[in-house]
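Here's the structure we're looking at; comments come further down.
A short reminder: the numbers here are calculations on the coordinates, not readings from a lab. This one's a predicted model, so the numbers in the text were calculated from it and none came from an experiment. With ideal geometry, Cβ positions are generated from the backbone for all residues, glycine too; neighbour counts draw on all protein chains shown.
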Amino acid sequence: MSATTLPGLFRSEEELSRLPASERIRYRLIGADCRYHANDNISAHIREGELEELKSEVAKQMQGVLKSLVIDTESDHNTNETAQRVAKMFVEEVFRGRYVPMPSVTEFPNFSRLNELMIVGPIKVRSACSHHLCPIIGRVWIGIMPNEFSNLIGLSKYARICDWVMSRPQIQEEAVTMLAEELQNRVKPDGLAIVMEADHFCMHWRGVKDDESVMTNSVMRGAFLRDANLRREFLSLMANKNRG
Ligand SMILES: [Zn+2]
């Protein structure tokens with residue numbers, strides 16, 4: 001990037017306040033040497049009120065996109081508010097997982113020393129591909145093999161963490177790995193298995209390879225890697241839950 005598009009180094013917050021919110025946030029990210037790819041969470045670098053500013057910026061740019069698509073948003077009442085609606089949808093809904101911190105999760109020590117395979121799912125996944133920003137809709141199954149040092153979290157929390165990771169433009173392989181990292185760090189299980197099966201709408205919508213639109217990915221860690229029986233047990237229980 002050239003010096004004209006990137007604010008100079010060591011700006012004060014007061015100087016930053018004169019820049020658009022996106023520039024301000026980008027400046028802090030670069031200063032902290034943080035990656036800000038489509039599937040990264042950047043909430044630690046966003047200050048109060050800045051999400052509202054981001055939304056207005058996105059709406060303004062979306063209006064430009066509609067203009068370039070030669071859509072008469074003034075006479076066409078259906079598209080009057082489209083730019084604002086899309087901006088709200090991106091920032092507050094479908095890409096929300098980039099902009100807000102992880103939902104708070106209470107961890108409990110494994111008092112009763114559970115050491116049985118635990119399966120959570122199917123959890124509904126709503127994401128978007130980072131290539132076309134088209135929806136990815138699917139399901140996730142999580143297998144946890146706890147040990148006496150694991151932290152247990154409530155069942156509903158798995159779904160909330162999953163939703164937080166998935167509500168970003170994603171690549172399915174990376175999404176599954178990211179979810180595994182988050183769960184591994186929190187739960188610290190002996191083994192962790194994640195399977196994601198999802199429908200990629202860019203395949204349907206663009207009508208290229210319709211039959212290849214469903215993609216399945218998995219991550220196996222610890223005990224699930226070492227123990228083929230445990231892996232089989234997980235996969236067969238998963239298939240049962242699927243039928244039920
Ligand atoms: Zn795509």
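Rounded to the nearest 5, the antiparallel percentage of DSSP beta bridges internal to the chain is 95%. The order of the peptides 174-181, 119-126 by mean Cβ neighbours within 10 Å, most packed first, is 174-181, 119-126. A Förster distance of 35 Å, applied to the separation of the beta-carbon atoms of His204 and Gln184, puts the FRET efficiency at 0.60. In the chain, the calculated helix contribution to ellipticity at 222 nm averages -11500 deg cm²/dmol per residue, counting -39,500 (n - 2.57) for every DSSP H run with n ≥ 4. Once C-alpha pairs closer than 8 Å and six or more residues apart are averaged by separation and normalised to the residue number of region 86-167, the relative contact order reads 40 percent.
Taking 0.36 nm per residue of sequence separation and removing the Cα-Cα distance, the Glu50/Lys241 pair yields an extension gain of 64.5 nm.
Extension gain, Ser68 to Arg139: 0.36 nm times the residue separation minus the Cα-Cα distance gives 21.9 nm. Relative to the longest principal axis of the Cα atoms of the chain, helix 50-68 runs at roughly 70 degrees.
In this structure, the residue pairs whose Cα-Cα separation is over 31 Å, taken from Lys67/Lys124; Lys55/Lys241; Lys60/Lys157; Lys124/Lys188; Lys88/Lys124, are Lys67/Lys124; Lys55/Lys241; Lys60/Lys157. When peptides 235-241, 132-138, 193-199 are ranked by their average number of other Cβ atoms within 10 Å per residue, the highest-first order is 193-199, 132-138, 235-241. Peptides 157-166, 89-98 ranked from most to least packed by the mean count of surrounding Cβ atoms within 10 Å: 157-166, 89-98.
The C-alpha atoms of the chain occupy a region whose extents along the principal axes are 60, 46, 30 Å, arranged from largest to smallest.
Taking 0.36 nm per residue of separation and subtracting the Cα-Cα distance, full extension of the segment from Glu81 to Asn151 would add 20.6 nm.
Could you give the distance between the Cα centres of region 138-169 and region 40-60, to the whole Å? Measuring centre to centre over Cα atoms gives 26 Å. Cα extents for region 108-243 along the principal axes, largest to smallest and rounded to whole angstrom: 51, 27, 24.
Estimated from the Cβ-Cβ distance and a Förster radius of 25 angstrom, the FRET efficiency linking Glu174 and Phe108 is about 0.25. Here the translational diffusion coefficient of region 13-99 follows from Stokes-Einstein with Rh set to the Kirkwood radius across Cα pairs; for 25 °C and 0.890 mPa s it amounts to 174 µm²/s.
Judged by a Cβ-Cβ distance under 4.7 Å, the unpaired cysteines of the chain are Cys34, Cys129, Cys162.
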